[in-house]
Amino acid sequence: MDSKAWFERAKQVIPGGVNSPVRAFNGVGGTPVYFKSGKGAKVQTEDGTELVDFCGSWGPLILGHARDEVVEAVAKAAADGLTFGANTAKEAEFAELVCSLVPEMEMVRLVSSGTEAVMTAIRLARGYTGRRKIVKFDGCYHGHSDYLLVASGSGLLTGGISSSAGVSPAATAEVFVAPYNDLAAAQEILRNNGGEIAAVIVEPIAGNMGLVEPLPGFLEGLRTATAECGALLIFDEVINGFRLGPTTYGHMCGVKADLTTLGKIIGGGMPIGAIGGRRDVMQKLAPLGPVYQAGTLSGNPVAVAAGMKTLELLRDESPYLRMEILGQRLAKGLNRIAAEKGMDLHCAQRGGMFTPFFRKAPVNNLADAKACDIPTHARYFHHMLDCGFYTPPSAFEVAFVSAAHAEAHIDAFLEAFGKL
Ligand code: KE4
């Protein structure tokens, strides 16, 4: 059976035929591609095609598909037991490794997804401060917990909605939304409501409206403003964490968040999320403190083995400069070719992350991202797919060059783009 047949079959028993909405191709049209296997930078599909993958499962696969050392670590851990629901030495060693690589994380709690990590961070901030209100930024996506499904990015944008049905108005009534990169707007919310704000949560580098970097002073300003009113600053680094260096972006840019959430890369392709930060805040978590949080598979030995090996390889091999160089080659190439074609395109890039925005001017917030030429993005997506390159099936996501990509992949990508 090919992708089309699998999709028709899946739709009979899985809502929309997908286990996550953005995979349905609603943002680009057409039938979702069914993946069969992956190795390094490439995937094999149920259509018998081979694609160079620039989506990388939305971020976890910084080392590429099925990296031998990670697969071996998973197989060995699985052979010793898939889960115990009890403490293991490995989870303690993994926590030590994360805290050694991220000094701002004095303690860390493992969960099984980025959503769980962010949900825990918000509850912890509310429990620690005794306050209820939250500030988030338009276009940032922090997983699908009720109170953060407002003005969100990622799949919500792909579906053209910015919040979700089924969310109690009471849940989102306590959430203020400011435009990303609009420090003045955030400062005003804190000035007018400072005593009630438990936390400000932000993607330090936004990846869920496409790649949007913080303007100079934005993160620093949030740090100052939250400290002044006693709100916690939460960096959601589910995408950013370990993406630009063997640590968090907060550590690299020198802005110290009170709490940081992680996911994706730290699981190496297996389900892991993490929340960490100031010891005095983290110690409010049960069983030490009154803020409850739990999980059957939290700290799962197989997922921990994948994450541990991934972080060790990133620490020891540090493929970051190479991904930066390849990312720049790709972005500069796209901008050059688009200019030659008279196309309005600005490719945002940082490290291995990139998003081709189909508009001339840079994108600094969600309004800018929404003003891009979405139909042309869809045409670009399908053209590149037909040429053997898989990019995120949405204009509001970030694409990834992994450590498994080589210059030849980038040059072939650019040659294909030249034929658009
Ligand atoms: P998960 O629950 O999907 O592991 O993580 C939620 C999350 C939290 N924070 C940030 C900054 C995130 O980007 C995400 C999830 N990212 C999306 C893609 N941008 C996951 C893809 C999907 O929803 O299928």
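Among the residues of this structure, N364 counts as one that is surrounded by fewer than 20 Cβ atoms within 10 Å (Cβ to Cβ), in the same structural domain as T49 (by TED's automatic domain parsing), polar (S, T, N, Q) and under 19 Å from the mean Cα position of the chain (by Cα). Could you count how many residues in the stretch 184-233 are over 17 Å from C253 (Cα atoms) and without any contact (Cβ under 8 Å) to a residue 60 or more places away in the chain? Total satisfying the criteria: 15.
Table: residues versus (1) away from the ligand (no atom under 11 Å from the Cβ); (2) buried (at least 17 other Cβ atoms within 10 Å of the Cβ).
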{"residue": "T88", "(1), (2)": "yes, yes"}
{"residue": "A95", "(1), (2)": "yes, yes"}
{"residue": "A117", "(1), (2)": "no, yes"}
{"residue": "A125", "(1), (2)": "yes, yes"}
{"residue": "D138", "(1), (2)": "yes, yes"}
{"residue": "S154", "(1), (2)": "no, yes"}
{"residue": "G166", "(1), (2)": "yes, no"}
{"residue": "A173", "(1), (2)": "yes, no"}
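Every test in (1) within 11 Å of the ligand (Cβ to nearest atom); (2) of a type in the set (A, V, I, L, M); (3) open to solvent by 10 Å² or more (accessible area, probe 1.4 Å) is passed by A206 save one, and that test is (3).
Output yes when any residue across the stretch 394-404 is away from the ligand (no atom under 16 Å from the Cβ) and charged (D, E, K, R), and no when none is. No. Summed over the stretch 259-269, residues that are open to solvent by 10 Å² or more (accessible area, probe 1.4 Å) and either more than 16 Å from the ligand (Cβ to nearest atom) or among the hydrophobic types (A, V, I, L, M, F, W, C) (or both) total 0.
Reported count of residues in the stretch 270-309, each being open to solvent by 50 Å² or more (accessible area, probe 1.4 Å) and not acidic (D, E), is 14. Would a scan of the stretch 369-378 turn up a residue that is open to solvent by 10 Å² or more (accessible area, probe 1.4 Å), under 23 Å from G241 (Cβ atoms) and in contact (Cβ under 8 Å) with a residue 12 or more places away in the chain? Within the stretch 369-378 (the criterion being open to solvent by 10 Å² or more (accessible area, probe 1.4 Å), under 23 Å from G241 (Cβ atoms) and in contact (Cβ under 8 Å) with a residue 12 or more places away in the chain), the answer is no, since none of the residues qualifies. Annotation for the stretch 44-54: at least one member residue is within 16 Å of the ligand (Cβ to nearest atom) and touching a strand residue (DSSP E or B) at 6+ places or on another chain (Cβ under 9 Å). Could you go through the stretch 97-113 and let me know if any residue there is open to solvent by 80 Å² or more (accessible area, probe 1.4 Å), assigned to a helix (DSSP H, G or I) and touching a residue at least 24 places away in the same chain (Cβ under 8 Å). Looking through the stretch 97-113, none of the residues is open to solvent by 80 Å² or more (accessible area, probe 1.4 Å), assigned to a helix (DSSP H, G or I) and touching a residue at least 24 places away in the same chain (Cβ under 8 Å).
Given the structure, is L321 more than 26 Å from A199 (Cβ to Cβ), more than 11 Å from the ligand (Cβ to nearest atom) and without any contact (Cβ under 8 Å) to a residue 60 or more places away in the chain?
yes
Confirm whether K90 is in the same structural domain as G210 (by TED's automatic domain parsing) and not acidic (D, E). Yes. Considering I189, I239, the condition of being more than 16 Å from the ligand (Cβ to nearest atom), under 20 Å from D138 (Cα atoms), hydrophobic (A, V, I, L, M, F, W, C) and not assigned by TED's automatic domain parsing to the domain that holds A403 is satisfied by I189 alone. Here the strands (runs of 3 or more DSSP E) wholly within the stretch 1-85 that include at least 2 residues being open to solvent by less than 20 Å² (accessible area, probe 1.4 Å) and not small (G, A, S) are 42-45, 50-53. With respect to the conditions (1) within 16 Å of the ligand (Cβ to nearest atom); (2) farther than 27 Å from C347 by Cα; (3) among the hydrophobic types (A, V, I, L, M, F, W, C); (4) open to solvent by 20 Å² or more (accessible area, probe 1.4 Å), L244 lacks only one, and its number is (2). Answer yes if at least one residue in the stretch 348-357 is at pLDDT 95 or above, open to solvent by 20 Å² or more (accessible area, probe 1.4 Å) and either over 14 Å from N208 (Cβ atoms) or of a type in the set (K, R) (or both), and no otherwise. The answer is yes; a qualifying residue exists.
Would you confirm whether any residue within the stretch 215-232 is assigned by TED's automatic domain parsing to the domain that holds V102, within 16 Å of the ligand (Cβ to nearest atom), at negative phi and of a type in the set (G, A, S)? Within the stretch 215-232, none of the residues are assigned by TED's automatic domain parsing to the domain that holds V102, within 16 Å of the ligand (Cβ to nearest atom), at negative phi and of a type in the set (G, A, S).
The values are calculated or read from the model by the stated rules, or taken from the named source; none is laboratory data. Please read all numbers here as calculations on a predicted model, not as lab measurements. Positions of Cβ are generated from backbone atoms using ideal geometry, with glycine treated the same way; all protein chains shown enter the neighbour counts. In case anyone asks, the SASA skips ligands and DNA or RNA and just uses the protein heavy atoms, side chains included. Shrake-Rupley method; radii C 1.70, N 1.55, O 1.52, S 1.80 Å.
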